[in-house]
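Student: Mind looking over this structure? Questions follow.
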Amino acid sequence: MTHIKTIFCVLCFWMLCFPIFWHVSEHTGLPAGSALAATENQDTAVQLPATISVLPFTIHAAEDFSHIQKGVVYMLHARLAWQDKVRVVPKKQMRKVLENLNKADKNQLLTRVADQTDSDLIIDGSITKLAGSFSIDAMVYDLNNKRYMTFFEQSKDSDELIEKVARIAAGINKQVFDRSTIAWEKMEQERQARINELKRRNPEYLMQNPQWQQQDDSPGWKIWKYLF
């Protein structure tokens, strides 16, 4: 009987952990069973001034959304550039670098882009169309500290995509560079409104679980011990 319980516990653990490993592997190009260890590391802030490269987002859709791919890059460039503090590698320079790295795997791509552009940070991501709606996944890689931070938004249709990317940019500005923007303040107001609505609808549950307000939308920095 004890042996059966042990097997059951192991199976439950694997079922809970496997989606996490799979989600990480999708962005790194590594197999799900790779020696990739992620742990929280929110203590070290990004040192400014910093240089950041923006990679073209991968598009997962049957249609041609190359115009959206370009729009995402332009939006991130415009929203992340910060005079004397954050330099975004020019798009023309990035195109030349990427032309010579088209056969590199994800790990090689990150390190080579960083070396050839003197970047401290790299943004990569994907846009996936599913049943008419879109999901946007972005990852900010901190090459010097071997860590990453994830950002996510959903869009009901293609018309909202650029607006959602602007929200991701606001999140990156605040959580990576500690830069508050009008877009971020608006997002915080929306978050507070949702909190107030939850308080109104579920007062008893919230009183019994006071720690729920401490949960952040972004999980913060995660460390990759064996990525580079």
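Student: Looking only at residues in the range 112-159 that are over 16 Å from Ala61 (Cβ atoms) and among the aromatic types (Phe, Trp, Tyr), which one is surrounded by the most Cβ atoms within 10 Å (Cβ to Cβ)?
Tutor: Per the criteria, the residue is Tyr141.
Student: Within the range 119-134, is there a residue that is more than 20 Å from Val46 (Cβ to Cβ) and not in a strand (DSSP E or B)?
Tutor: Looking for residues that are more than 20 Å from Val46 (Cβ to Cβ) and not in a strand (DSSP E or B), one finds at least one in the range 119-134, hence yes.
Student: Take Leu143 and decide whether it is touching a helix residue (DSSP H, G or I) at 6+ places or on another chain (Cβ under 6 Å), touching a residue at least 12 places away in the same chain (Cβ under 8 Å) and of a type outside the set (Ser, Thr, Tyr).
Tutor: In short, yes.
Rule-based calculations on the coordinates, nothing more; no lab input. This one's a predicted model, so the numbers in the text were calculated from it and none came from an experiment. So basically every Cβ, Gly included, is an ideal-geometry build from the backbone, and we count neighbours across all protein chains shown.
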